[in-house]
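A.B. asks: Okay, handing you the structure first.
Any read-out appearing in this document is the output of simple, stated calculations on the displayed coordinates, not a laboratory observation. Everything numeric in this text was worked out from a predicted model, so none of it was measured. With ideal geometry, Cβ positions are generated from the backbone for all residues, glycine too; neighbour counts draw on all protein chains shown.
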Amino acid sequence: MDTGFITRRSQWPCRRIDGARPAVSLEDRETWSHDALYRQVNRYANALLTRGVGAGDRVGILLYNALEYWALYLAVTRIGAIAVRLNFRLTAAELEFAIGDAGCRTLCFDAGLGETLAPIRDRVPVADYLALDHGDVPVPDWARPWSVLEAGSAEEPDCPRPAPRDPAMLMYTSGTTGRPKGALWSHDNTLWFAAIQALQWGYSEDTVAMTTGPMYHVGAVEDLTSAALAVGGHAVVLSSGGFSIRRVLETVEAQRVTDLFLFPFMIYQLAQLDDSEADAHDLSSLRRICSGGDPLLPWATQVLQRRYPWIEISQVYGLTEGTPIAACSTGAETLDSPDSVGRPMPFTEISLRDDSGGQVGPDEEGEIWIRGPVVCARYWQRPEASAETFVDGWCRTGDLGRLTADGLLAIAGRKKDMIRTGGENVYPAEVEDVLMRHSRVREAAVIAVPDARYIETVCAVIVPAGGETVTAEDIVRHCREQLAGFKCPRHVVFADELPRTPSGKLMKYRLRETYRELGSEPGA
């Protein structure tokens, strides 16, 4: 089965859902029905075929969040081509790498990004540029207007449907540990992931799932929304730029959202609203908030449970190439076992391994390995990295964790994040949780810096709360009240913001690069 199933099931002879029901929305600004989405996918698919795009060709998608994104992505995969979902926040040099590495022959982009693309046009393999014009920025003279795609026939494309194992999507990993690699998704990876989520959370035609990230990321298309679409429900995405938690709440209220995905920094913004701001919106339709990307700090879930007792807060864990949601917690597990991300999703296995690949026992630390129908087969053109990551059907995640005797998974951090100081292991997540409980701290990250005596030691990077003043002495004093001495920061630095990927993941390797020169200077 191919990804076209998502739109075919509203049509005869596969018709199972009412095609007039809402399918996709951009906040509460614009909505397409299932029938409208089906016709638009066909238009784009037929137009791409006319322009010579065929099975196996790579089509770059460099768009802001838009309803057109849904149609284009599904159109590319319908004709057997490979959708390369590109990060619109990348620099020209970074885009040059991704477009060239993927070998895109066609690039569909937002006209507003034309200035970024212009300097690299002669250095990438793209032969056909198609620009989405919203009226405020003209289409560059080296690109064709979006009307070329709109002019395609709305009838079912006259081309073979892809096979389940055919590649559908190429997504470059967020690069929390360095240069990104392209994870290659197949059609059955996509459909299996939709089915797994629908089974886990009981999705139906009445599900209204909303995600808040950029649509080139699994956290905004594959997580929640594709699953809702596949069962005939309604997918809502937030428009790009100017994120505001208040805008999220307004959309939840207007669209009667039932399931919401928020990245941890968004959860913290929600928890930091005062009660009067939080009570100003009707969230009675909302039954679940999922959060992933980084471990969710317990103080935030405690605030949300007090404020919204009817909403289940589910912490999820996964990665692009190894199942985006491989484990999830129930609301009770999130509260009672705050260091846990729950249990494996349906049809998903999790194993904890030592450095030699052997299984470790309950409550013993090991590397998280994942196996299931959503694990990618390989990285694009990276045989050595593929062989290292994908082993006998398992994905080696590079993350450290523990499995309790009753099967709950706790994340200890990236292998490279763990701090080994004076013979002791320090897990940044534990220290970060304490730091975030300080009333004058908005964000915090803990990294290792070199130390002449202890090999490496703890450094805290702090973003103060707006309008607040906090000192290094305040931070260290706060930590010493709750942590063993070796876990407390010896260095405290302050920043206006933390470097994050567009999916909200903290890029600690950037922090390590920035602060490695702290060396063994005496800390606090």
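A.B. asks: If Lys and Arg each add +1 and Asp and Glu each add -1, what is the summed charge of the other residues whose beta carbon sits under 11 Å from the beta carbon of Thr211?
C.D. replies: Taking every other residue near Thr211 into account, the sum is -3.
A.B. asks: FRET efficiency for Trp310 and Asp122, Cβ-Cβ distance as r, R0 = 60 Å, nearest 0.05?
C.D. replies: So, using R0 = 60 Å, E works out to roughly 0.60.
A.B. asks: Considering only C-alpha atoms, what is the centroid distance from region 315-384 to region 30-57, in Å?
C.D. replies: Between the Cα centre of region 315-384 and that of region 30-57, the gap is 35 Å.
A.B. asks: Shifting gears a bit: Count the net charge of all other residues whose Cβ sits under 14 Å from the Cβ of Glu468, scoring Lys and Arg as +1 and Asp and Glu as -1.
C.D. replies: Around Glu468, the charge tally is -1.
A.B. asks: Given contacts defined as C-alpha pairs under 8 Å and at least six residues apart, what's the relative contact order of region 419-518, whole-number percent? Before the final figure, lay out the partial values.
C.D. replies: Values: 163 pairs, mean separation 28.1, N = 100.
Dividing the mean separation by the residue count of region 419-518 yields 28 percent.
A.B. asks: Over the chain, what is the relative contact order in percent, taking alpha-carbon pairs closer than 8 angstrom and at least six residues apart?
C.D. replies: The normalised contact order for the chain reaches 11 percent.
A.B. asks: Residue separation times 0.36 nm, minus the C-alpha to C-alpha distance between Arg15 and Asp35: what's the value?
C.D. replies: The Arg15-Asp35 span can extend by a further 6.1 nm.
A.B. asks: Counting Lys +1, Arg +1, Asp -1, Glu -1, what net charge surrounds Val84 among other residues with beta carbon under 11 Å of its beta carbon?
C.D. replies: Charge balance near Val84 sits at +1.
A.B. asks: Hey, for a label at Cys159 modelled as a point 7 Å past Cα toward Cβ, could you say which residues of region 52-79 have their backbone N under 17 Å away?
C.D. replies: Zone members listed by number: 52-61, 71-79.
A.B. asks: Output needed: Cys residues of the chain lacking any neighbouring Cys C-beta below 4.7 Å, sorted by number.
C.D. replies: Cys14, Cys104, Cys108, Cys159, Cys290, Cys328, Cys376, Cys395, Cys459
A.B. asks: Then there's this: Determine the calculated [θ] at 222 nm for the chain from helices alone, applying -39500 (n - 2.57) to every DSSP H run no shorter than 4 residues and normalising by the residue count; nearest 500 deg cm²/dmol.
C.D. replies: Dividing the helical sum by the residues of the chain leaves -7500 deg cm²/dmol.
A.B. asks: For region 419-518, with only Lys/Arg (+1) and Asp/Glu (-1) charged at the beta-carbon, what is the dipole magnitude about the Cα centre, in debye rounded to 20? It would help to have the intermediate numbers written out before the result.
C.D. replies: Details: 15 positive and 15 negative charges, 40 e Å.
Once rounded to the nearest 20, the dipole reads 200 debye.
A.B. asks: Assuming 0.36 nm per residue, please report the length gained on full extension of the stretch Ser356 to Arg516 beyond their Cα-Cα distance. Intermediate results must be reported in sequence, preceding the final value.
C.D. replies: Numbers: separation 160, 0.36 × 160 = 57.60 nm, distance 3.00 nm.
Length difference between fully extended and current span is 54.6 nm.
A.B. asks: Test of understanding: what is the full-extension gain from Asp274 to Ala465, defined as 0.36 nm times their sequence separation minus their Cα-Cα distance? Working shown, then result.
C.D. replies: Details: separation 191, 0.36 × 191 = 68.76 nm, distance 1.39 nm.
Here the segment from Asp274 to Ala465 would lengthen by 67.4 nm.
A.B. asks: Would you mind putting 33-44, 269-280, 201-212 in packing order, based on average other-beta-carbon counts within 10 Å, highest first?
C.D. replies: 33-44, 201-212, 269-280
A.B. asks: Separate question: Neighbouring Cβ atoms within 10 Å as the yardstick, rank Asp354, Asp406 fewest first.
C.D. replies: In increasing order of surrounding Cβ atoms, one gets Asp406, Asp354.
A.B. asks: Same structure, new question: Which of these values of Kirkwood radius over Cα pairs in Å was calculated from the structure shown: [x] 27.5; [y] 24.0; [z] 24.9?
C.D. replies: Comparing each candidate, only [y] matches the computed number.
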